[in-house]
1. Scan segment 91-117 for residues that are closer than 25 Å to residue 149 by Cβ and part of a helix (DSSP H, G or I) and jot them down.
2. Restrict the check to segment 148-167 and report whether at least one residue is closer than 23 Å to residue 274 by Cβ, part of a strand (DSSP E or B) and touching a residue at least 24 places away in the same chain (Cβ under 8 Å).
3. Criterion first (without any contact (Cβ under 8 Å) to a residue 24 or more places away in the chain and surrounded by fewer than 19 Cβ atoms within 10 Å (Cβ to Cβ)) does residue 242 satisfy it?
4. Of the residues in segment 52-80, how many are touching a strand residue (DSSP E or B) at 6+ places or on another chain (Cβ under 9 Å), surrounded by fewer than 22 Cβ atoms within 10 Å (Cβ to Cβ) and in a helix (DSSP H, G or I)?
5. Search segment 250-285 for residues being more than 18 Å from residue 166 (Cβ to Cβ) and in contact with a strand residue (DSSP E or B) (Cβ under 7 Å, 6 or more places away or on another chain), and hand back the single one that is surrounded by the fewest Cβ atoms within 10 Å (Cβ to Cβ).
6. In segment 1-33, which residues are part of a loop (DSSP other than H, G, I, E, B) and in contact with a helix residue (DSSP H, G or I) (Cβ under 9 Å, 6 or more places away or on another chain)?
7. Among the residues that make up segment 254-275, is at least one of them touching a residue at least 60 places away in the same chain (Cβ under 8 Å), over 19 Å from residue 185 (Cα atoms) and in a loop (DSSP other than H, G, I, E, B)?
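Please treat every number below as a calculation from the coordinates, not as lab data. If you're wondering where the values come from, they're calculated on a predicted model, not measured in any experiment. All Cβ positions, even for glycine, are placed from backbone atoms using ideal geometry, and neighbour counts span all protein chains on display.
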């Protein structure tokens, strides 16, 4: 695969064939993110996309699930996406689902008819960077949506049959607001009912625009201990039957995975064990270069 940049996809898509269709993220303004800041967003030529499919087909590939990269493939023009989907089904007749990242704005820019047409052509799972259930946090982090916009657009994709999955970030609300953010984010998900939630506990990179806010005193980062307490509260409050959850704490090398409600107690026990250990340690707050 000829891939430019840093490969990033949801962990639930690790078994999917990743087909690059763009480079970078067309929005690329979130202040906490460094994934695509060094890239100039562009769509890949049709010829390059098709040649990659031919390469995999000729190697014997016929994937059941395909994930379109890069940062928000759903932002591509509908006709372009339909061409990609038609080529996918031509080369890979066994494909049952085409999944990708999206933003709330990407969805709002497509009509109900376009959404239904894309679903009929094979689009199934959309992963949205929700991050937080607090409007002021979304605004501060320069997300492309507020909560009401997210409610509206998620309902539109669910109406046509697409599956809503979400990214969230414990710690994103800053120091002292973890439990508040846990409650607000759980309330958002209890209402929108995502099938999968990926929690990348926020980390602070010195290349991220957010670091300028930290230096200027406009934002005070929560430590990992607070993030763990926030995550525990979130787990307590989630009431979405069948919701798959996968959480990462890179700096503490912790990971919690399971399905609600059947794995709630197991995950809470794991978090409690981590809290009991880390609450006895000095404050853990890392900045990455």
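1. If the condition is that a residue be closer than 25 Å to residue 149 by Cβ and part of a helix (DSSP H, G or I), then 104, 105, 106, 107, 108, 112, 113, 114, 115, 116, 117 are the ones that fit.
2. yes
3. In short, no.
4. The total comes to 4.
5. 266
6. Listed by number, the residues that qualify are 1, 2, 21, 25, 26, 27, 29, 30, 31, 32, 33.
7. no
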